[in-house]
1. What's the carbon and sulfur percent of the chain's accessible surface, probe 1.4 angstrom, rounded to a whole number?
2. For the stretch 135-287, what does the accessible surface come to per residue with a 1.4 Å probe? Please give it in Å².
3. Please give the Cα centre distance for the stretch 1-60 versus the stretch 83-143, rounded to the nearest Å.
4. So for each of 85-94, 122-131, 28-37 I average, over its residues, the number of other beta carbons within 10 Å; can you give me the resulting order with the highest mean first?
5. When ranked by the protection proxy of mean other Cβ atoms within 10 Å per residue, highest first, what sequence do the peptides 201-213, 135-147, 221-233 form?
6. Leaving out ligands and nucleic acids, and using a 1.4 Å probe, what accessible area per residue does the stretch 1-132 come to in Å²?
7. Tell me the angle of helix 262-276 to the major Cα principal axis of the chain, expressed in degrees between 0 and 90 and rounded to the nearest ten.
8. Based solely on its DSSP helices, what 222 nm [θ] is calculated for the chain when runs of n ≥ 4 H residues each add -39,500 (n - 2.57) and the sum is averaged over all residues, nearest 500 deg cm²/dmol?
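The values are calculated or read from the model by the stated rules, or taken from the named source; none is laboratory data. Please read all numbers here as calculations on a predicted model, not as lab measurements. Heads up, the Cβs are rebuilt from the backbone with ideal geometry, glycines too, and the neighbour counts pull from every protein chain shown. Protein only, heavy atoms only, side chains kept; ligands, DNA and RNA dropped before computing areas. Shrake-Rupley method; radii C 1.70, N 1.55, O 1.52, S 1.80 Å.
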Amino acid sequence: MTIQPFDPADPGVQAILGAVWNAACGPALAVTPRLVAYNGQPVAVIAQRGCLELAYGQVQGFVLASAVPGASVLGNGWIDALAVVPEQRGRGLGSHLLQWAEAWLLAHGCSHVQLGGSLHPWTAGLPLELNTRPFFMQRGYTGNDYVWDVAHHLTAWRRHEHAAASADVRPLESGQEHELLDFLHLAFPGRWEWECTEFFRIGGRRSDCLVLRTALGIEGFCWVTLEDSLRPIDRFYPDALPRPWGQLGPLGVSSAARGKGYGAALLDAGLEYLQARGVDGCVIDWTGLLEFYGKWGFRPFREYAVLQKEW
């Protein structure tokens, strides 16, 4: 077996990653070239590296890791993706790849590592449908938390009766980015602020962010994804749902605006926005709020284990 480090921004490597991942994970979690390229683009705050495992002259597996060196509100270290082709499982390739990634993360100052859920995520966590949880737990990964993607057919969706009727929710317009970023910095500093900043930097469509306004200014937002959005809809693995596809999330309101029906109004507005654009199969990803979203007809679509390892 031979290890070959790679740069995730290399287009030639990206095609290999997609082929190996799809062979390992199957059609329900298949990635597209667009998603692999989007996740591999360089970002100043993130160090990202991977390696290929070669045997018999062919790539048999890969691992991709990312790190935010030092203490950060964004997180520390992640195993973005690890995949071994089915015919080579049970021969130690997965363990070899994982050891390489952990050594790389340690060298970049990471004190802990999480499976999935990175700043350019392939998945929100470890998909339970892959049945690989025992492999990672035997190698020191622990955790009893779970998150879900939930889904609904928007052709059957109706506006929620408990939403605040007077809420002012509208798409963000060009030139208003600083207002949203200022709100996120105060209300949700960290990942959401960073993700929106990066999205705007690379040319993301401003109207994919809906904002809730009160007399105090922006007090809430939700992010939607359509099939033509810059952020790939593929990341949410909606293939089992009817097209056209859409996604909603994250969503949040300030502490001062909570308890007034604004969260429900914001969710309603986001779903109405997607429905008006023809979306049927809709995903709300990476959540533990099953009861809350269940009020709108959303049901669990995919489950992930949140597993971590500390040094």
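1. Working: 7170 of 13410 Å².
Summing carbon and sulfur atoms, their accessible area is 54 percent of the total for the chain.
2. On the way: 6730 Å² over 153 residues.
On a per-residue basis, 44 Å².
3. Value for the Cα centre distance between the two parts: 14 Å.
4. Details: 85-94: 15.5, 122-131: 19.1, 28-37: 17.3.
Descending packing order for the listed peptides: 122-131, 28-37, 85-94.
5. Values: 201-213: 17.4, 135-147: 14.5, 221-233: 19.9.
Going by the mean number of other Cβ atoms within 10 Å, highest first, we get 221-233, 201-213, 135-147.
6. 39
7. Long axis of 262-276 versus the principal axis of the chain: about 80 degrees.
8. Working: 8 runs with 85 residues, N = 311.
After summing the helix terms and dividing by residue count, I get -8000 deg cm²/dmol.
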